[in-house]
Amino acid sequence: LILYCYYIIKVLEKHLKKYTYDFIIFEHLETSYMLNIVKKISNAITIIDTHDLKFQRYEKFKEFGINSNILKITKDEEMKILSKFDYVIAIQYEEAELLKKYLNNSVITMMHGIENKVFDEFKYIVKEKKKLDIVFFGSTAKFNVDSVEWFIKHIWNDYRIKENFNFHIYGLICNKLLNMPKDIFIHGLVNDIKEVYINADIVINPIRFGSGLKIKNVEAMSYGIPLITTSIGIQGMKKISQDEVIIANTTEKFLSEILKLIEDDKRILLSNNSKQYAKDNFSQNICFEEFRSILQGVELDE
């Protein structure tokens, strides 16, 4: 299932014979092939940071006919691998609850933590503009490309949207977007995400498939930018509602909700609620509490 690299194993074996560690963290399931050599040489506590559940990602991508470059794995196969670690990190609540049902080892929930200065220093301000600015961030992942293509086809071409909004795209996804309409702004990578949010009026993430936690959504909410996404986009967010983020799963809903946000008062209210939710759920002291307790050797309550 997992691509095995003998060169890395040899380098790792040599390294572990020279250095001693208390904890060793594995990034993604794809690095789990190194666990045997770690346990053979080291007494370190082993932790795997899942980032997302690979079997769920495979199942969701398969629904949309995307099978290339995806780890093809079943739930039972993935749980068998994860069970060999001392601790498993889940980055959102729904995946944490699922893991707890199948694993005897301890599951740590560690969301994407936001620095407190983001909540304290950044304030959403209504600006006088002829058109409001819609922003999308994305990597080259297929679900991001699909999101942009869906938005352009079903939402952007509506004359009411073009009359009232500009559309800006940022990130490596821009390298994948060919023959885009000339009225869409393609920016690529930026050095400072804050500079984008200063001018953003709305962030969209019309994601239709995927797994894990949608970091772009967490960041937008933390900066207090009104966000429109889908039910897939809010997966793993505990007790979130339409008061904090607009959830739209159909073309009609997505279109109508964006048009409602032309009103300044609606954007300000959504911004305030969104930022408060993010502060209550994504601040670093909350997100890293369980992990910090493990590192400090403090037993967690059930």
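The values are calculated or read from the model by the stated rules, or taken from the named source; none is laboratory data. Keep in mind it's a predicted model, so treat the numbers as computed, not measured. Here the Cβ is made from the backbone with ideal geometry for all residues, glycine too, and neighbour counts use every protein chain on show. The area values use the complete protein model at the heavy-atom level, side chains included, leaving out ligands, DNA and RNA. Shrake-Rupley method; radii C 1.70, N 1.55, O 1.52, S 1.80 Å.
Of everything in the stretch 186-209 that is among the hydrophobic types (A, V, I, L, M, F, W, C) and over 15 Å from residue 227 (Cα atoms), the residue that is least open to solvent (accessible area, probe 1.4 Å) is 209.
Looking only at the stretch 18-29, which residues are of a type outside the set (Val, Ile, Thr) and closer than 10 Å to residue 48 by Cα?
Of all residues in the stretch 18-29, those of a type outside the set (Val, Ile, Thr) come to 18-19, 21-23, 26-29.
Once the filter is applied, which keeps residues that are of a type outside the set (Val, Ile, Thr) and closer than 10 Å to residue 48 by Cα, the stretch 18-29 yields 26, 27, 28, 29.
Where helices (runs of 4 or more DSSP H) fall wholly inside the stretch 141-218, the ranges with 2 or more residues that are over 16 Å from the mean Cα position of the chain (by Cα) and more than 29 Å from residue 287 (Cβ to Cβ) are 142-151, 159-164. In the stretch 15-34, the residues that are on the phi > 0 side of the Ramachandran plot reach residues that are assigned to a helix (DSSP H, G or I) and surrounded by 12 or more Cβ atoms within 10 Å (Cβ to Cβ) with C-beta atoms within less than 9 angstrom, at least six apart or across chains, in these pairs: 28/54. Pairs meeting the criteria (first residue in the stretch 162-191 and touching a residue at least 40 places away in the same chain (Cβ under 8 Å), second residue among the hydrophobic types (A, V, I, L, M, F, W, C) and outside any strand (DSSP E or B), beta carbons under 6 Å, at least 6 apart or on different chains) are 164/262.
Does residue 158 meet the test of being free of Cβ contacts under 8 Å to residues at least 24 places away in the same chain and among the acidic types (Asp, Glu)? So residue 158 does not fit the description; no. Exactly one residue among 123, 100, 162, 176 is open to solvent by 30 Å² or more (accessible area, probe 1.4 Å), of a type outside the set (Phe, Trp, Tyr) and touching an Asp or Glu at 6+ places or on another chain (Cβ under 8 Å), and that residue is 162. The single condition among (1) at pLDDT 95 or above; (2) farther than 23 Å from residue 280 by Cα that residue 138 does not satisfy is (1).
Note on the stretch 252-302: enclosed helices (runs of 4 or more DSSP H) holding 3 or more residues that are closer than 30 Å to residue 166 by Cβ and open to solvent by less than 20 Å² (accessible area, probe 1.4 Å) are 264-282.
In the set 54, 80, which member is among the basic types (Lys, Arg) and open to solvent by 30 Å² or more (accessible area, probe 1.4 Å)?
On the way: 54 fails: open to solvent by 30 Å² or more (accessible area, probe 1.4 Å).
Going through 54, 80 in turn, the sole match is 80.
Screening residue 111 against (1) surrounded by fewer than 20 Cβ atoms within 10 Å (Cβ to Cβ); (2) assigned to a loop (DSSP other than H, G, I, E, B) leaves a single unmet condition, (1). Anything in the stretch 91-114 that is over 23 Å from residue 284 (Cα atoms) and touching a residue at least 12 places away in the same chain (Cβ under 8 Å)? List them, or say none. 98, 102, 103, 104, 105 - these are the residues of the stretch 91-114 that are over 23 Å from residue 284 (Cα atoms) and touching a residue at least 12 places away in the same chain (Cβ under 8 Å). Determine whether residue 219 is open to solvent by 60 Å² or more (accessible area, probe 1.4 Å) and not hydroxyl-bearing (Ser, Thr, Tyr). Considered against the rule, which asks whether it is open to solvent by 60 Å² or more (accessible area, probe 1.4 Å) and not hydroxyl-bearing (Ser, Thr, Tyr), residue 219 comes out as no.
Does the stretch 240-265 hold any residues that are farther than 22 Å from residue 93 by Cβ and free of Cβ contacts under 8 Å to residues at least 24 places away in the same chain, and which are they? Answer for the stretch 240-265, where residues must be farther than 22 Å from residue 93 by Cβ and free of Cβ contacts under 8 Å to residues at least 24 places away in the same chain: 250, 252, 253, 256, 260, 263, 265. Inside the stretch 73-84, residues that are of a type outside the set (Gly, Ala, Ser) and without any contact (Cβ under 8 Å) to a residue 40 or more places away in the chain make up a count of 5.
Of the set (1) at pLDDT below 95; (2) out of contact with any Ser or Thr (no Cβ under 9 Å at 6 or more places or on another chain); (3) under 29 Å from residue 159 (Cα atoms), all apply to residue 215 but (3).
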